[in-house]
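Peer 1: Submitted below is the structure of interest, expressed as structure tokens.
The values are calculated or read from the model by the stated rules, or taken from the named source; none is laboratory data. For clarity, every value in this text was computed on a predicted model and none was experimentally measured. Here Cβ is always computed from backbone atoms with ideal geometry, including for glycine, and neighbour counts include all displayed protein chains.
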Amino acid sequence: MGVIQVQLPDELKSLIDRQVAEGRVASESAFFVEAARRFVEGLAVEDEIVSEAEAGIADADAGRYVTLSSSDDIEALHQRTMARLRDRLGIGPT
């Protein structure tokens, strides 16, 4: 296991200490392991969103696109896109 040392501003250190004291996380180390895991997962989600967007652009370039003429159309497209993304990531509906 690797070790990383960082200096934190006092305000941030206090916020982390409070989370530990309240039992929301077992230790400072556990806090940073969880924070790093969530950050990396977020980057993976961003990569998937970019891939979906690029695929959508390719579809539009190939003449496969949809016309959005109302807020209902926009919402329906958003819901379909997010469902496809969740399926690809193996995340259930929210």
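Peer 1: For a quick check of your reading of the model, give me the residue pairs whose first member lies in the range 28-43 and is more than 16 Å from Asp17 (Cβ to Cβ), whose second is among the small types (Gly, Ala, Ser) and at pLDDT below 90, with beta-carbon atoms closer than 6 Å and at least 6 apart or on different chains.
Peer 2: none
Peer 1: Quick one: is Phe32 surrounded by 12 or more Cβ atoms within 10 Å (Cβ to Cβ) and among the aromatic types (Phe, Trp, Tyr)?
Peer 2: Numbers: surrounded by 12 or more Cβ atoms within 10 Å (Cβ to Cβ): yes; among the aromatic types (Phe, Trp, Tyr): yes.
For Phe32, the condition - surrounded by 12 or more Cβ atoms within 10 Å (Cβ to Cβ) and among the aromatic types (Phe, Trp, Tyr) - is met.
Peer 1: Quick test of your reading of the structure: Val66 fulfils all but one of (1) of a type in the set (A, V, I, L, M, F, W, C); (2) modelled with pLDDT under 90; (3) closer than 30 Å to Met1 by Cβ. Name the failing condition by number.
Peer 2: (3)
Peer 1: In the range 1-46, which residues are in a helix (DSSP H, G or I), within 27 Å of Leu89 (Cα to Cα) and β-branched (Val, Ile, Thr)? First the steps, then the outcome.
Peer 2: We begin by selecting, within the range 1-46, every residue in a helix (DSSP H, G or I); these are 10-21, 28-46.
Okay, now just the ones that are also within 27 Å of Leu89 (Cα to Cα), so 30-46.
Listed by number, the residues that qualify are Val33, Val40, Val45.
Peer 1: Something else: Looking at the range 29-49, which of its residues are closer than 11 Å to Leu85 by Cβ and either β-branched (Val, Ile, Thr) or over 15 Å from the mean Cα position of the chain (by Cα) (or both)?
Peer 2: Val45, Ile49
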